[in-house]
Amino acid sequence: MLPNTLLVIKTVLAGDDSVSPEEIKVVIDAAMKGAQSDKPKDRILSRKAVAERFGVTTKTIDNWRLKGVLSPLVIPGSTKAIGYRESDVDSLIAGSTVQNAV
(Lines give C-alpha, C1' and ligand atoms only; values in the text may rest on other atoms or scores of the structure.)
Protein backbone atom coordinates (compact mmCIF):
# COMPACT_ATOMS: atom_id res chain seq x y z
CA MET A 1 0.00 0.00 0.00
CA LEU A 2 1.33 3.43 -0.86
CA PRO A 3 2.28 5.79 1.97
CA ASN A 4 -0.10 8.39 0.54
CA THR A 5 -2.96 5.88 0.77
CA LEU A 6 -2.21 5.28 4.45
CA LEU A 7 -2.08 9.03 5.03
CA VAL A 8 -5.49 9.49 3.38
CA ILE A 9 -6.99 6.69 5.49
CA LYS A 10 -5.53 8.19 8.66
CA THR A 11 -6.78 11.69 7.75
CA VAL A 12 -10.30 10.50 6.96
CA LEU A 13 -10.51 8.50 10.18
CA ALA A 14 -9.13 11.43 12.22
CA GLY A 15 -11.98 13.58 10.92
CA ASP A 16 -14.57 11.07 12.09
CA ASP A 17 -15.55 11.82 15.70
CA SER A 18 -16.89 8.29 16.15
CA VAL A 19 -13.41 6.78 15.71
CA SER A 20 -10.99 6.94 18.65
CA PRO A 21 -7.23 7.50 18.23
CA GLU A 22 -6.67 3.90 19.39
CA GLU A 23 -9.03 2.61 16.69
CA ILE A 24 -7.21 4.70 14.07
CA LYS A 25 -3.91 3.13 15.16
CA VAL A 26 -5.41 -0.37 14.92
CA VAL A 27 -6.74 0.30 11.41
CA ILE A 28 -3.46 1.83 10.17
CA ASP A 29 -1.41 -1.01 11.71
CA ALA A 30 -3.67 -3.60 10.06
CA ALA A 31 -3.43 -1.82 6.70
CA MET A 32 0.36 -1.68 6.95
CA LYS A 33 0.59 -5.33 7.95
CA GLY A 34 -1.62 -6.34 5.02
CA ALA A 35 0.60 -4.35 2.69
CA GLN A 36 3.65 -6.35 3.78
CA SER A 37 2.78 -9.72 2.31
CA ASP A 38 5.22 -12.54 2.98
CA LYS A 39 3.88 -14.44 -0.01
CA PRO A 40 6.30 -14.26 -2.94
CA LYS A 41 4.86 -13.07 -6.21
CA ASP A 42 4.11 -15.70 -8.80
CA ARG A 43 6.43 -15.23 -11.76
CA ILE A 44 5.04 -15.17 -15.28
CA LEU A 45 6.89 -17.43 -17.69
CA SER A 46 7.07 -16.92 -21.45
CA ARG A 47 5.85 -19.56 -23.89
CA LYS A 48 9.48 -20.36 -24.66
CA ALA A 49 10.38 -20.81 -20.98
CA VAL A 50 7.39 -23.10 -20.44
CA ALA A 51 8.26 -25.14 -23.53
CA GLU A 52 11.84 -25.52 -22.28
CA ARG A 53 10.64 -26.76 -18.87
CA PHE A 54 8.53 -29.46 -20.52
CA GLY A 55 11.01 -30.23 -23.31
CA VAL A 56 8.42 -29.48 -26.00
CA THR A 57 7.97 -26.85 -28.71
CA THR A 58 6.12 -23.57 -28.30
CA LYS A 59 3.53 -24.98 -30.74
CA THR A 60 2.77 -27.72 -28.20
CA ILE A 61 2.31 -25.04 -25.51
CA ASP A 62 -0.10 -23.22 -27.88
CA ASN A 63 -2.04 -26.46 -28.37
CA TRP A 64 -2.21 -27.02 -24.60
CA ARG A 65 -3.55 -23.47 -24.21
CA LEU A 66 -6.26 -24.14 -26.80
CA LYS A 67 -7.20 -27.39 -25.02
CA GLY A 68 -7.30 -25.64 -21.63
CA VAL A 69 -4.33 -27.50 -20.17
CA LEU A 70 -2.62 -24.20 -19.35
CA SER A 71 -4.34 -20.87 -18.72
CA PRO A 72 -2.54 -17.90 -20.25
CA LEU A 73 -2.15 -14.39 -18.89
CA VAL A 74 -1.40 -11.24 -20.84
CA ILE A 75 2.12 -10.19 -19.85
CA PRO A 76 2.04 -6.87 -17.97
CA GLY A 77 3.04 -3.98 -20.21
CA SER A 78 1.91 -5.79 -23.33
CA THR A 79 -1.37 -6.11 -25.18
CA LYS A 80 -0.65 -9.32 -27.09
CA ALA A 81 2.19 -11.24 -25.45
CA ILE A 82 1.02 -14.06 -23.22
CA GLY A 83 2.70 -15.96 -20.45
CA TYR A 84 1.89 -18.57 -17.86
CA ARG A 85 1.99 -18.57 -14.06
CA GLU A 86 5.03 -20.39 -12.78
CA SER A 87 2.88 -22.04 -10.09
CA ASP A 88 0.53 -23.42 -12.79
CA VAL A 89 3.47 -24.83 -14.71
CA ASP A 90 4.98 -26.33 -11.54
CA SER A 91 1.60 -27.86 -10.60
CA LEU A 92 1.26 -29.43 -14.02
CA ILE A 93 4.78 -30.82 -13.81
CA ALA A 94 3.96 -32.24 -10.37
CA GLY A 95 0.83 -33.86 -11.77
CA SER A 96 -1.65 -31.49 -10.15
CA THR A 97 -4.44 -29.64 -11.91
CA VAL A 98 -3.79 -26.20 -13.34
CA GLN A 99 -5.91 -23.37 -11.90
CA ASN A 100 -7.99 -21.37 -14.36
CA ALA A 101 -6.98 -17.78 -15.00
CA VAL A 102 -9.16 -15.23 -13.27
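The values are calculated or read from the model by the stated rules, or taken from the named source; none is laboratory data. Please read these numbers as outputs of a predicted model, since none were measured by experiment. For neighbour counting, all protein chains shown are included, and Cβ atoms are generated from backbone atoms with ideal geometry for every residue, glycine included.
I need the full set of residues from the range 1-51 which are at pLDDT below 85, small (Gly, Ala, Ser) and more than 30 Å from ASP88 (Cα to Cα), in order please.
ALA30
For the range 76-85, which residues satisfy the criterion of being under 14 Å from the mean Cα position of the chain (by Cα) and surrounded by 15 or more Cβ atoms within 10 Å (Cβ to Cβ)?
GLY83, TYR84, ARG85
Give the residues of the range 1-23 that are in a loop (DSSP other than H, G, I, E, B) and acidic (Asp, Glu), sorted by residue number.
Listed by number, the residues that qualify are ASP16, ASP17.
Cβ-Cβ under 7 Å, sequence separation 6+ or interchain: first residue in the range 76-97 and within 17 Å of ALA49 (Cα to Cα), partner part of a loop (DSSP other than H, G, I, E, B) and of a type in the set (Gly, Ala, Ser). Which pairs?
Final answer for the pair search is ASP88/SER71.
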